[in-house]
Each structure stands twice: as C-alpha cells, then as structure tokens.
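Below is one structure; the comments refer to it alone.
Nothing in this text is a laboratory measurement; each read-out follows from the coordinates by a stated rule. Note that the structure is predicted; figures quoted are calculated from it, not measured. Glycine also receives a Cβ, built like all others from the backbone with ideal geometry; neighbour counts cover every protein chain displayed.
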Number of protein chains: 2
Amino acid sequence: MFDPLKIGIAGLGTVGVGVIRLLAEHGELLATRCGRRIDVVAVSARDRDRDRGVELGAFKWYDDARDLARDGNVDVVVELIGGSDGIALDLSLAAISAGKHVVTANKAMIAHHGTNLAVAAEEAGVNVVFEAAVAGGIPIVKAMREGLAGNCFNRVYGILNGTCNYILSAMRESEREFDDVLDEAQKLGYAEADPSFDVDGIDAAHKLAILASLAFGAPLDFAAIHTEGIRHISPVDIDYAGELGYHIKLLGIAALTDRGLEQRVHPCMVSTDVPIAHVEGVFNAVVAEGDFVGTTMFSGRGAGEGPTASAVVADLIDIARGARAPVLGVPAGDLTAIPAASMSDHQGAYYVRLLVVDRPGVMADVTAALRDAEVSVEALIQRGRSPDDEVPVVLTMHETREAAMLQALKQINALDAVLDTPRMIRIEQL
Amino acid sequence: MFDPLKIGIAGLGTVGVGVIRLLAEHGELLATRCGRRIDVVAVSARDRDRDRGVELGAFKWYDDARDLARDGNVDVVVELIGGSDGIALDLSLAAISAGKHVVTANKAMIAHHGTNLAVAAEEAGVNVVFEAAVAGGIPIVKAMREGLAGNCFNRVYGILNGTCNYILSAMRESEREFDDVLDEAQKLGYAEADPSFDVDGIDAAHKLAILASLAFGAPLDFAAIHTEGIRHISPVDIDYAGELGYHIKLLGIAALTDRGLEQRVHPCMVSTDVPIAHVEGVFNAVVAEGDFVGTTMFSGRGAGEGPTASAVVADLIDIARGARAPVLGVPAGDLTAIPAASMSDHQGAYYVRLLVVDRPGVMADVTAALRDAEVSVEALIQRGRSPDDEVPVVLTMHETREAAMLQALKQINALDAVLDTPRMIRIEQL
C-alpha cells in the first residue's frame, strides 16, 4: 500500500464536518478502494472553540487558512470556505503554487476564476477539482469530463438549485405564495437567511457557467449568463401551467445555437411528459445531450452535508488513485471562447398572463400589439366573465424572437385596459 | 503530446462500427481531451467483405480475433464479439496475458468471468473496463467505481433492459398484449429474433450482477440472482396497476439485507410517485442509494450504436489519460463474498390477480387460505358482478415473507372456484 494522501481542510462548516465524518466512518473502505489511506492532517476555521460534533484534536490547527498552503505535510488542500474571491482564492492559488492539489466545493470561485485556476494548476502540474461545486452529490462534473467525453454536446441544462426547486414544488403542492414558502424553507434550513443568491438565480448561474465550460470546451463566462430568479412566480401561474400540461422549474440552460453560445437561468414551463419535470423538492438534475450518447439525465440531492461530502471525497479518491483529467475537460490552452448569443435574439415559446378590464375591444388591442411585433399566438384563455371588472387572460405564443416578445409586452403594458405588469414565463422545449 | 493509443477492435457489428465512426468524427477533439490520439490500428470480424458503411482499409485485418492479442502494435483490445465464453473470453485472457488493456461491452462475459478477469488484469498490471456492459451510454460503472466511491451502498437497482422497458411502456400506452408488442419491437429492431435473453430477464441479470459487485465489493455471483421475465405480464395487470397508482417495470435489484445479499430481476409494481416509474421506452435508469450521497438516479439510452460507442470510447479515454481504478472498485483480493439471501425469505408486498367463479363463499375461501399462511390482505377489489360466471379479483398484501405468499397461492390455486393460475406481481417499495 502507498503512503497516505494527507489533506488539509479549510472551512469547518456543514461540508467540512461532513468530509471529516465520512473519512472517519469509511476510512478502511476508502483505503481498500484507493490502495492508500486518505488522512486529514490539518484543519482551519474561524472559531477554534466551537463544538462541531467531530473530534479535531489529532489535526494540526491553523487560524489562518492560507497557512495550509505552506504546510509541507499537506498534499491536498480542501477549500470549503466559500466566496468567489478573498481567502478562498488566495488559499487556492497559494496551494497550487506550492505544488498541492486543490479540491473545492466553491462554485462562485470556479465560475469567476476557474479558467485562471486551470492555467495555474497545469503550470504547477497539480489538479484542481470541484465535483461538489455542481449539483451536490451527483457526479456530473466527472460525467462531463470523463464518462461522456466521447461526445460533442449541443445542450446541457438542469435544475441546479435545490432551494428554488423546493420552493416551486411546495408552492405547487400547497398552492401557497412565494414569500410564505420561502419562510418555511428558511425554517427548515433549505434556504439561507439572505436567500438572494439562491432565489435570484445566481447560485444556479455559477453552476451553469461550470457545466457550459465543461460541455463546450470554452473558458468560463459567468458574465454572459442571462439570469432571472423565481421571486415573481405566483401560484396563479403555477396553476395555469398545470392546466397547460407544464410544471414551472428554475432551469439553467447552456446551448450552442447558430447565434453563439446561449447561457440562461430563468423559470421555465416544462412539459410534464419529460422526466425532469418530476424532479421535486431539494433534488437537482442535470441533462446532457451528446451527439452519440443521446439524452442522459443525472439526479440526486443538490446540497447538504452528506451529498456534498460524498462529492468532495470522490475528488480525493481520484487524487489518491492518481487519476488525472484536464481541469476543464481540455487543457486550458485549448479552451476556445464562443461568442455569447444575445438574449434578445433568443428563440422560444412564451406564456403571458395579463390582468385586464373585461370589456369589448381589449382582446383586439392585445392581439393587435402581438401582430405588430410579429408574435404569433398559439392559445388565448379567458376564464370566467365579469363585465367591467378585472379578469385574468392567459396567452401562449408560438416560437418567436425574445426581442419581439418584449416589444409586444411593452405595447400591451401601455394599454389602458391592462391593469398590471404582464407576467411572462418562457416555455422550454426539452 | 504523447504517442497515440493504438487499439484493435474485435467484432464489427453495430457497436464496433459505432466506435470506428465516433473515433473518426471526433478524432481531433478526443486528442485534445486526452493529450494523445486514439487510433484504430487493427480489426477483426467474421466476414471481411461485408459493407459496414465505414472505411476499414487503413486497419490491419485479422480473420481470427485472437490474433489481436498477439499484435505488438496494439495497446488496447476492444472486445465486441459477445458471448460469455468462447472467442470473447479467449481473446480477453490472451490480451491481458500479453499486457494489453481490455475494453469490452460484454455483460455476459463480465457477469460470468469478471472476478477472474479482474485477478488476471491485476497480475498483468493492465485494465479491464466495461462501461458499455451496463446501461449503454450511461456512465454508471464509473459512477459506482469513482464518482460515488465515498459511499457504502445499501441498495442499487434499475431498469436494465431497454427491450423489456419498451415492451412494458408500449403495452401500457396502447393496451396491447405482450406478443403483439414484442412483434412490433422486433420489427423496429428493439428486440432480437430470439428475444429470450431480453424478455426472460437474463440480460438484466448480467448487468445486475456487475452492479452488485461494484456496489458491495463482492465477487460476481450471477448464479445467485433470482430471475423472472415479463412474458406473463398481461394488459389486465397493467390496467390494475394503473388504478392502484403503479407502473409495471422490469427491475434488477441488489440489496443488502440482514439475511444476506438479495439479487433479483423480476417485474415490479412501482409507485408513479417515484421518478423511475416515468423512465419509458428504450431508456434505462439506475438508482444507487449511498449512505452519504442519498438517492441518485442516472438515466439514458440503454443500447444502440451511439450510446454504446460513447461508453466504449469513455473507457478508451480513461486509458489514454492513464486513469486507473480497480476493475471491480476494490482490488480483486479484497472482494468479499456475501452470503446470498434466499428468495423464499424475501420480504415484500404483493399484488395477486385471480379469476374466480362469482358465487358466495369464494372470497371466504381465498381469505382463509391467506390467513392460514399468515399473509395479511391490504385490499381486495372485485370489479362488477356476474353471478356464477367468471370474474377477476385483485388483492394486494401487506409486507410478507415470499414463502408464505407462495404457500397461500398454492392453496388458493387448489380451490375449485379459482379458474386460472393466480398471477402474482411484487410491489416494490422504492
């Protein structure tokens, strides 16, 4: 048996504790699977005295995580601090410079600095791996980089944020408002006190940037992602979606189009005929469409101590076994930028909900606005009648250009009889 | 860039041609991803003159596949001949002895000889890899061996045969008989002329044996698998299943129980609340339940030229990159046999359909037989009435021991008023 792989863990929150627990519980098994032990030798966190429920006495303690990079006894730095910059990035770069492998769960850091980290890692001859950064315990980074690496991809998409998926599932099941369900999610620990990273789609966008780079061999381009969250989704829309045969999901979608690389995160109406529509609650799912393999889907828990620890340890197992693949699937020097497709050129179908005064001529005005923008209506539903009172009207559009849809909505919003800002949700063909 | 990885392909059926096509179409991309080219240098098949739609002129031709093992120019032998023994096994063992890696899609060979092949490969210091042997293009072998390797597993199961899943999906959608749909599947190329390997569950059992070995670190034990096929499933049962909230799926299930390792392939009633119930047509899906990661599901096309070629090439990419993991997840010497749980000790819920004469006292006799065997009835449904004529009766049982259920069925079958052999389908708690 080879020498143990010696690791230093920076950050002892839920995930760090999970990693320590997993390595302790499955130490013998992992030694058998890897041909060598994986031993924690050093740790760092802000508060040394906090009781975390795991034994830390045997590990060297550092108050400053960056000192892990300088510890000659550490082969691998496991970065679980979080944040795109700051100590996490300093530590990762220092570890690479010191010839240490880096394992991280930090999606923000990879989304913003992944390309530079890949360049640095290649120069130093070490690995930077981040299975835990995308979709929790699901081994999707490995699948993109290795298991499906024989394919060219046209599209990769998924439910990348468990908090949003939990909220949307719960809203549908219990017919409650967003704020009410968010409140519950916070109490259950599925949402942070400040939920904006999750519910505004930023966390999903971080993960999408990583998936897109792996799928298309392009440098990470987080800034190019069109990002919308789920705050404006109402139970009424979820209800109409159900009637039309859809579930509403927050998807991250990256696709090669003839207009360039489209990267977008926003709520989508997804046909209940496709399996991803049935991925509920805190589960994540990623669909990769390869030219030879066809459509593959991977689902599982997207966050939490156990799943994230499972992903971090999978990366450690690879390092212990000496497995090597390029950080982003191809050598950093071979990453090729793909022009970003503008969201205004996006082609898709749309759902629109209006609140209008129920009086003759309103529908003529609305459909005239759509005609002027060259948007073609697929269906128009007005439930019930209440003359001269307000009434909701739902329309679905055939595939059209986003700019045309927005132009039409602007005109519609300006109509006297339209009482509230029109709600638009994209209908996704999957 | 390193020297090309030179491969010899034995067997030029659908999959072999797919591999040649993939390597030709994506040669440059793969060279970038691997840091070296993957080049076909030699091939072997039965008929040299057949037009396969791909250019073979540049490759050395062998009439006898076993000669590939002796070709000093070949680094990797890709075995796509099939069959558990015979030339496939001879070639694989010869290649290993000659210090060549083996990539195979041969589930029968791995199911029967995987442990010996692993021993031989370790001794020779080469790899034997078989991603394509389980669930087509889905990278599930890699997931079990690497991506989820931080976990202990309690259960792994899946839809492992696309032919059966296609037939069951089509029977449900079109309310047709098994024979009728099988006929159609044969015309569409989804079923072989002799369909028994598929519809009798043997192919699924081969794959299950492999998954179980990977999940539980045990030698392959194909002989221990309880195997039933789908020939006896009737549209009536599919209909009742739907009423009760189930779809009928042929599952392969391997689970650690306190009675030992249970390995079984048989039709199951699966609640429509669980995602795998919605995996339809020729798709496969595998669910792995790890102690840290929780429930993960992987789905995709389980067969066909493109998906299988994708899996074969993924194995070649690993070899080209120098990645190494033990053949069966742990070194062969560490594989530990787990006693097989007897099927008669299986604990589960059951669906039973009877055809009985509609007259007073029949239900009393049936329920008495169940009581005598200590089987507890959950529900009993008799649709319609036709006194003194035949009428179907459907029962579901609470969890009980298989031996007790079979004992009760024997007694029920002996009743005068029971007109046909009772039909039993297990209800699976997933």
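Does anyone have the angle between helix B:107-124 and the longest principal axis of chain B? Alpha-carbon axes, 0 to 90°, nearest 10? In chain B, helix B:107-124 runs at an angle near 40 degrees to the longest axis.
Fewest first, what order do A:LEU80, A:LEU415, A:LEU22 take by the number of other Cβ atoms within 10 Å?
Details: A:LEU80 28, A:LEU415 17, A:LEU22 24.
Listed from fewest to most nearby Cβ atoms, that is A:LEU415, A:LEU22, A:LEU80.
Directionally averaged projected area (segment A:125-204, Cα convex hull): 7.7 nm². Each principal axis of the Cα cloud of segment A:283-430 was taken in turn, and the coordinate range along them, longest first, works out to 73, 35, 26 Å. In straight-distance terms, cross-link reach from B:LYS107 covers every one of the lysines whose alpha-carbon lies under 29 Å from its own, apart from those fewer than eight places away in the same chain; here that gives A:LYS142, B:LYS6, B:LYS60, B:LYS142, B:LYS187, B:LYS207, B:LYS249.
Within 10 Å of each Cβ in B:133-146, how many Cβ atoms from other chains are there, averaged over the peptide?
Working: counts 0, 0, 1, 3, 10, 7, 11, 3, 1, 6, 8, 1, 3, 12.
Mean partner shielding for this stretch: 5.
Taken about its Cα centre, segment A:343-428 carries a charge dipole of roughly 120 debye when the Cβ of each Lys and Arg holds +1 and the Cβ of each Asp and Glu holds -1.
How crowded by other chains is A:305-313, given as the mean number of beta carbons from other chains within 10 Å of each beta carbon? Mind showing how you got there, number by number?
Details: counts 1, 7, 7, 2, 4, 11, 5, 1, 6.
Average neighbour count from other chains, rounded to a whole number: 5.
If you model segment B:47-202 as an ellipsoid using its alpha carbon gyration tensor, with each semi-axis the square root of five times an eigenvalue, the axes come out at 32, 24, 13 Å, biggest first. Relative contact order, whole percent, for segment B:1-119 stands at 26, derived from Cα pairs under 8 Å and 6 or more residues apart.
Which order do A:MET363, B:MET397 fall in if you start with the one that has the fewest other Cβ atoms within 10 Å?
Numbers: A:MET363 17, B:MET397 21.
Listed from fewest to most nearby Cβ atoms, that is A:MET363, B:MET397.
Pop the C-beta distance of A:ASN413 and A:ASP291 into the FRET formula with R0 = 45 Å and round what comes out to the nearest 0.05. Working from the Cβ atoms, E equals 0.60.
Here, segment A:188-335 yields an orientationally averaged convex hull projection of 11.5 nm² when only Cα atoms define the hull. Partners of A:LYS410 within straight-line reach, counting aspartates and glutamates whose Cα lies under 18 Å from its Cα and excluding those fewer than 8 residues away in the same chain: A:ASP345, A:ASP365, A:ASP372, A:GLU374, A:GLU402, A:ASP420. How far is the Cα center of segment A:73-90 from the Cα center of segment A:314-386, in Å? So the separation of the two Cα centres works out to 35 Å.
For every helix of n ≥ 4 consecutive DSSP H residues, a contribution of -39,500 (n - 2.57) applies; sum these over chain B, divide by its total residues, and give [θ] at 222 nm rounded to the nearest 500 deg cm²/dmol.
Working: 12 runs with 142 residues, N = 430.
-10000 deg cm²/dmol, from helical runs alone.
Neighbouring Cβ atoms from other chains, within 10 Å of the Cβ of residues in A:265-276, number 1 on average.
Largest first, the extents of the alpha carbon coordinates of segment A:343-428 on the three principal axes equal 38, 22, 18 Å.
DSSP loop GluC sites (Glu not before Pro) in segment A:24-64 with at most 15 other Cβ atoms within 10 Å of their Cβ, which ones?
Hits after loop and neighbour filter: A:GLU55.
Ordering B:CYS34, A:CYS152, A:CYS164 from the fewest to the most neighbouring beta carbons within 10 Å gives A:CYS152, B:CYS34, A:CYS164. So what is the relative contact order of chain A, in percent, for Cα pairs below 8 Å that sit 6 or more residues apart? Averaging sequence separation for qualifying contacts and normalising by length gives 16 percent for chain A.
With all projection directions averaged, the alpha carbon convex hull of the protein assembly as shown covers 39.8 nm². Starting from the Kirkwood Rh over alpha-carbon pairs, what translational D in µm² s⁻¹ does chain B have by Stokes-Einstein at 4 °C and 1.567 mPa s? Diffusion coefficient, whole number: 56 µm²/s. Between the alpha-carbon centres of segment A:396-430 and segment B:254-281 there is a gap of 45 Å. When segment A:178-297 is described by a simple charge dipole with +1 on each Lys and Arg Cβ and -1 on each Asp and Glu Cβ, the residue from A:LEU182, A:ALA193, A:MET269 located farthest towards its positive end is A:MET269. The same position B:GLN429 in the other copies lies at 4.5 nm from this copy, comparing label points 7 Å beyond Cα toward the beta-carbon, shortest first. The distance from the alpha carbon centre of segment B:193-212 to that of segment A:156-208 is 41 Å, rounded to a whole number.
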